[in-house]
Structures are given as structure tokens and as C-alpha cells.
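Presented below is the structure to which this report refers.
Just so you know, all these numbers are worked out from the coordinates, no wet-lab data involved. No experiment lies behind these values; they were computed from the predicted model shown. Virtual Cβ from ideal backbone geometry, glycine too; neighbours counted across all protein chains shown.
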Amino acid sequence: MYATLVSALPSNLRTRLNIITQEIPGFWEQGPYRHFTNHGPAHSERVAQKLAQLIYELPEAHRLTNDGVFIVFASAWLYEIGMQSPNPGSTIIDFDYRPGRYAPKKLDSVVL
């Protein structure tokens, strides 16, 4: 399913996704830091396969566009790259979150 959806993408999106999937394994070869288990390329591939199943189950009226499919699959490959940070308390981006500043009001009441 995953390969079928990827092959249906326009060449520009397929090329970008191929770059991601080819570069990520080298990134994970650095080895996970002690505070995380290894969620390398095999994990990303499993996530992408599960997402492909979900995409195929969407009703016709809610099918994803090619851009949507690309974003979902790129996310499957990239969403855990932060696990390779040697300092999980440090970020490259200075993100100062304050409730209500970046999110709609109803998100402020979410309890984790």
C-alpha cells in the first residue's frame, strides 16, 4: 500500500520523499542516545505502512491530496529525529510556549 501511494505521487514529491527515506538511515546509524530506545528506519517504515492502511480506509470524500500524502509519509520518517539530540532539554529553536499565545483557547485545557 505504501509503495503504491508513493508511486502515485507527482515526481517532485516522490523525489523529496526518496531523499528523506535515503538520508534518515544514516542519521539513525549514529545510534540512539541512552535516554531513548532505537526508533530507526525500520520503525519509520512500519509507521508509514500503518498510515498507508489508514489512508486507504478514508472515505472517498476525505481522500488526501498528493500534498497530504507526502506530508503524512514525510512525517512518518521525520517525527522522531529529535530523539537523537544529546541534550533533550535543549532545543535549536527558542520556543517560549505560553497558553493562549500559540494555540486556540480550547487547547489550553488539555491535560497530559
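How much length, in nm to one decimal, is gained on full extension between residue 71 and residue 1, taken as 0.36 nm per residue of separation minus their Cα-Cα distance?
Values: separation 70, 0.36 × 70 = 25.20 nm, distance 1.62 nm.
Gain on stretching residue 71 to residue 1: 23.6 nm.
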Fill in the blank from the handout: Residue by residue through region 71-81, the couplings from Karplus 6.51 cos²θ - 1.76 cosθ + 1.60 with θ = phi - 60°, in Hz, x for Gly and Pro, are 4, 4, 6, 4, 5, 4, 8, 10, 5, 10, 5
Exercise for the section: Kindly put 15, 65 in sequence by how many other C-beta atoms sit within 10 Å of each C-beta, fewest to most. Expected result: 65, 15
Completion exercise
Distance in nm between residue 50 and residue 23 label points, each 7 Å along Cα→Cβ, equals 2.6
Problem - In Hz, Karplus ³J(HN,Hα) per residue of region 61-66 (6.51, -1.76, 1.60; θ = phi - 60°; x = Gly, Pro) - result: 5, 10, 4, 7, 6, 4
Exercise for the section: Extending each Cα 7 Å along its Cβ direction at residue 64 and residue 42, get the distance between those two points in nm, one decimal. Expected result: 2.4
